[in-house]
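The values are calculated or read from the model by the stated rules, or taken from the named source; none is laboratory data. No experiment lies behind these values; they were computed from the predicted model shown. Ideal geometry is used to build each Cβ from the backbone, glycine not excepted, and the neighbour counts take in all protein chains shown. To get the accessible areas, we keep the full protein, side chains included, count just its heavy atoms, and leave off ligands, DNA and RNA. Shrake-Rupley method; radii C 1.70, N 1.55, O 1.52, S 1.80 Å.
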Amino acid sequence: MCIFVQKKEIIGTYMPIRRQFLMVAMAAVMHFLVDCLCVCCLYQMTAAYPTGFIVAIFVTYNVLAFTTQPLTGLMADLTTKRYRLLLAAILLLALPIAGATVIAEADDDISTWAVLTVATLLGTGNSFFHVWGGKETAVKTGNDLRALGVFVSTGALGLSVGVLFPSWFLLFSLIIALAAISLIYAKLDVSPQSEETISETAPTPHFAQPLIWTAVGIIIGIVFFRSLLGEVFSAGIDKNPVIILTIGATAMIGKMAGGWIARRWGIALSMLIVMSAVYASYLLMDTDMVFCLAGIFLINLTMPVTLYLSNRLMPKREGLSFGLLAAALIPGYYIAQYILLG
């Protein structure tokens, strides 16, 4: 069976389509809110600090938010009660929000350590949330390409809005409300069909096979390259608030559309066309900002595809799969920053 074509669901549908839509929609909105919350909180708290300290805080946050996801992914794979990851994420996000008042009133020495603590908690909470959402989406929808694209897409816009959004308390209140609805919905959804999951029905993965790990390594390399190239396209655009939002919206639409396009045309054909267009955009990016935005859109079309393929290669390990690909984004991003700034 070829994993490069998905005209029909190979593994099957594990929830009625309306339930799938509601679950994915809630997870996607929470993804937007969580990323928006983290960036909003960090930007507002560090506004008065020196540039070097701000960079250190954001590096701390990014490293914890992304590179810890393989570990939290393993935790998600080893538990049958995935809602605990969502609860852990809410708790870890609640603590720094509660500490925001203390930071505002403390002296410089205390507030410096407090901001670092907030960054640590936000990054860890973000890690738990992303793995919960990625695992839940893959499991409940049978690894549907479209659903994966919808879930992963909204964070890009959340990061852009977070730079400009004035109230992290409002964001966290909305997260609490949606998380409560999600948990109640999961508790009420006890039909036999809804309990069936991709993890429970898929064959046990044979991780000892070198071919499997080679294929996973190639996918991780693709994600690394996508992160690096995406930052190169972004760096070619002069930033202002409107452009920041435009970049975030472009990345979101690209990720969301990628699953639908690959589902419709097949992975091999769609990705061949996409990567050819990415190369053309790269060659033309110095001539007009439109080609930079086109490159951002096109490169993000591949995101749900790499996640889908990784999940197929590692059945029963969708959490680890999501975490490994998330962790691969960080070195690509910082290497691109080093090259561009150097």
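Filtering segment 270-281 for residues that are over 26 Å from Gly134 (Cα atoms), among the aromatic types (Phe, Trp, Tyr) and part of a helix (DSSP H, G or I) leaves a non-empty set. Restricting segment 282-325 to residues that are in contact with a helix residue (DSSP H, G or I) (Cβ under 8 Å, 6 or more places away or on another chain) and outside any helix (DSSP H, G or I) leaves a set whose member that is nearest to Val223 (Cα to Cα) is Thr302. Filtering segment 282-310 to residues that are free of Cβ contacts under 8 Å to residues at least 60 places away in the same chain and not hydrophobic (A, V, I, L, M, F, W, C) leaves Tyr282, Asp286, Thr287, Asp288.
Might you check whether a residue that is open to solvent by 60 Å² or more (accessible area, probe 1.4 Å) and at pLDDT below 95 occurs anywhere in segment 296-313? Step through it out loud before you land on a result.
To start, the set of residues in segment 296-313 that are open to solvent by 60 Å² or more (accessible area, probe 1.4 Å) comprises 297.
This time we only want the ones that are at pLDDT below 95, so: none.
No: zero hits.
Filtered by the rule that a residue be under 17 Å from Val34 (Cβ atoms) and either assigned to a helix (DSSP H, G or I) or among the charged types (D, E, K, R) (or both), segment 64-83 gives Leu64, Ala65, Phe66, Gln69, Thr72, Gly73, Ala76, Arg82, Tyr83.
Is it the case that Tyr279 is free of Cβ contacts under 8 Å to residues at least 24 places away in the same chain and either over 17 Å from the mean Cα position of the chain (by Cα) or within 24 Å of Ala215 (Cα to Cα) (or both)? Against the criterion (free of Cβ contacts under 8 Å to residues at least 24 places away in the same chain and either over 17 Å from the mean Cα position of the chain (by Cα) or within 24 Å of Ala215 (Cα to Cα) (or both)), Tyr279 qualifies. Only one of the listed residues (Thr137, Thr67) is within 19 Å of Pro315 (Cβ to Cβ) and out of contact with any strand residue (DSSP E or B) (no Cβ under 6 Å at 6 or more places or on another chain). That residue is Thr137.
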